[in-house]
Amino acid sequence: MALVRFQTENFRNLSSEPVRFSPSFNLLYGENGSGKTSVLEAIGYLGLGRSFRVSRHQAVARHGEQRFTVFGGLDQGLETGGSGSSGDNELVHRLGIGRDLSQKETTLRVDGESVRSLSSLARHLPVSVIDPGVFDVVAGGPGKRRQFLDWAVFHVEPSFGSVWQQCQRVTSQRNQTLRNGRLDEAMMRVWDQQYAALSTQISEARAATFSQFKAAFETLVHEVDVPWTDGLKLEFFPGWDVTQSLESLLLNHREQERKVGHTLYGPNRADVRLKFQGRPVAETFSRGQQKTLVILMKIAQGMVLSALGKQVTFLLDDINAELDEGHRAMLAQRLQSLRCQVFMTSIEHPVVDQLWPRGSAPDYRLFHVEHGKLTEE
């Protein structure tokens, strides 16, 4: 599905006027501070339930306002091979998210009905962000790579979100027991059993999706001109030595965990290990190679979901500053072949012929953004 209707209220400096988007490519340009990234950020709220720029909801509300809302209308997009253009009466889903800052309450709505979990909202609009911060997937810690993998697992395996939430709750209870002055061993064994069972489900789902991702990635690197990927290996580490049962491992390291006061083994320690000739990629690849690697990994994620009949909405924020012309064209053409929906921002007026060979550009809409208002050209 694709986001074809969009409207916000009191979201940063964005105008409250409704906007129609293409289910294929949407090119946004304007000066710094014009509101381009804010548009992507608001779209991200519909697919992620949060901002990909800041951690606090208060930061996105217009100054002086105590509530903001984002609305999106989805149609079938390019999933079924259609053009994706439709009137309001042909929308497949209507999504809404609002935040009351004074009450600290978030309201989620799908097709006019209130829903309780962000996953109920996010599953309808798979949103993948490519902005300067995304390159930490390679250079950053394991948490960034877990987040990268879990995004795909969530959209591939419907039950993953609820199992992950259950595991988070059990982990919290287990950590609290570990931090008690006097350890209750009987209680610990109860938490160990539940934690191990949920951890196994999470790791199996992660491993299955990682296998699909790795296959897509290997196919991709054979099709594009990136010779420095020879010798590159991607491996999934579940967070513990799976040759041992997790329950036994936890019991054998009880004293170690008691000293640090939190869980040291399990899916909370999982990682996607990226190595080149046996060494971490972060130590061996140049900054430019790392950027290209993340782009390829993002495209591979899109390939996995596309094979399942799902249209991903990619948010590309100011990629002119991060990628050279050749890599921008590679990215645009690959996303076009996957029939993704794309929102791409730039300061300069986009040059379509630099992204696609003349005459092969997809259906796209071009918007000039100024003072938070989108004007189609």
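The values are calculated or read from the model by the stated rules, or taken from the named source; none is laboratory data. Computed from a predicted structure; not experimentally measured. All Cβ positions, even for glycine, are placed from backbone atoms using ideal geometry, and neighbour counts span all protein chains on display. The area values use the complete protein model at the heavy-atom level, side chains included, leaving out ligands, DNA and RNA. Shrake-Rupley method; radii C 1.70, N 1.55, O 1.52, S 1.80 Å.
Annotations
- Unit Cα scatterers, Debye sum, the range 186-230: log10 I(q)/I(0) for q = 0.16, 0.23 Å⁻¹: -0.59, -0.79
- For Ser15, the accessible area of its heavy atoms, probed at 1.4 Å with every protein chain present, is near 40 square angstrom.
- Ser346, Ser245, reordered so the largest accessible area comes first (probe 1.4 Å): Ser245, Ser346
- Residue-level accessible surface for Arg206, protein heavy atoms, 1.4 Å, Å²: 10
- When only the Cβ of Lys, Arg, Asp and Glu is charged (+1, +1, -1, -1), the dipole of the chain relative to its Cα centre reaches about 1140 debye.
- Counting charges near Arg116 (Lys, Arg +1; Asp, Glu -1) among other residues having Cβ under 13 Å from its Cβ returns a value of -1.
- Here the chain is treated as an ellipsoid with the same Cα gyration tensor; its semi-axes, largest first and in whole Å, are 37, 27, 18.
- Whole-number D in µm²/s for the range 117-174 (Stokes-Einstein; Kirkwood sum over Cα pairs; 25 °C, 0.890 mPa s): 191
- Once the Cβ-Cβ distance of Ser117 and Arg358 is raised to the sixth power relative to R0 = 41 Å, the FRET efficiency obtained is 0.30.
- Think of it as helices only: each DSSP H run of n ≥ 4 in the chain is worth -39500 (n - 2.57), and spread over all residues that comes to -12500 deg cm²/dmol at 222 nm.
- Our coupling estimate for the range 343-350, obtained by passing each phi through the Karplus curve with A = 6.51, B = -1.76, C = 1.60 and θ = phi - 60°, is 10, 10, 9, 7, 6, 7, 4, x Hz, Gly and Pro reported as x.
- Ordered from largest to smallest accessible area (heavy atoms of protein chains, 1.4 Å probe), the residues Glu185, Glu9 come out as Glu9, Glu185.
- For the range 194-230 versus the range 243-287, the inter-centroid distance based on Cα atoms is 17 Å.
- Pairwise FRET efficiency - Glu370 versus Arg67, Cβ, R0 = 30 Å, nearest 0.05: 0.75
- Coil-residue GluC sites (Glu not before Pro) of the range 276-376, DSSP, other Cβ within 10 Å capped at 12: Glu348
- Under the Karplus curve 6.51 cos²θ - 1.76 cosθ + 1.60, θ = phi - 60°, whole-Hz ³J(HN,Hα) for the range 285-290, x wherever Gly or Pro sits: 8, 5, 4, x, 5, 5
- Counting only residues at least eight positions apart within a chain, or on another chain, the lysines with an alpha carbon under 23 Å from that of Lys275 are Lys144, Lys214, Lys233, Lys291, Lys298.
- Listed residues Met303, Met344 arranged by accessible area, highest first, probe 1.4 Å: Met303, Met344
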